[in-house]
Amino acid sequence: MSVFDTRKNYTIGTVKPIKQTTTGTPELQSWTFRFEALPKNLEELQALNICDLSQPQNTAALTLLALCVFHENQQECFRMLDFLNGPMPFSATEKQFLRERFMEGGDYIPFSYFSGATPENDYKPDKPYTLVISEQANSRADLSIGYLTLYFKSGGADTARHIKLRQKDSNRNWYFYEQFLMVGIRRPASKDPWA
């Protein structure tokens, strides 16, 4: 069975398929993840039932969870991203980019990808935390050379943002390669002087 065969619903502690609905192009897939709580460190991340990096959508979801840790514990965020980066350590340049995004007040950006998070409620997601990851028409453009692009919808942007994953030949696991999640979105109401 291919990782692209069915839409999936993931909840911490259980993994169960949900009914597939056909919308748009049938070969494009999406996955819904639900979390009762977010991991606070690498050990909690690795203990999640979705910490199976042979599934690219899992790696994408785990990467977003790691980004949510930055505002509380920068070093734990980097430990998580190092793990998800596989054979290539998370570089000093990538770390500096994240520091700059968060210093500019972007601590709400990763939370904007969860259901219910909007500028009007200062990007406070609904609970359980629900995350939808999907493919778009270009997602598999580089699949033949080991890359896959998956998309997240932010409550503060009009277009989906993406993450690029790379598959390691020797173990067939998918690793975080680059992200375009930590980019500008609409300000939360509490930080917007025009709101």
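Each reported figure results from applying straightforward, stated rules to the coordinates on display, with no laboratory input. These figures come from a predicted structure and were not determined experimentally. Here the Cβ is made from the backbone with ideal geometry for all residues, glycine too, and neighbour counts use every protein chain on show.
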Checklist entry - For the chain, what's the relative contact order in percent, using C-alpha pairs closer than 8 Å and at least 6 residues apart? => result 20
Next on the checklist: With n ≥ 4 as the cut-off for DSSP H runs, can you work out [θ] at 222 nm for the chain, using -39500 (n - 2.57) per run divided by the number of residues, rounded to the nearest 500?
Outcome noted: -6500 deg cm²/dmol
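Loop only per DSSP, at most 14 neighbouring Cβ atoms within 10 Å: give me the GluC sites (Glu not before Pro) in the stretch 103-195, ordered by residue number.
On the way: sites: 104, 120, 135, 178; in loops: 104, 135.
Passing sites in the stretch 103-195 are 104.
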Checklist entry - Of the chain, which part is the longest with no trypsin sites (Lys or Arg not before Pro) in a loop (DSSP not H, G, I, E, B) and with at most 10 other C-beta atoms within 10 angstrom? => result 20-171
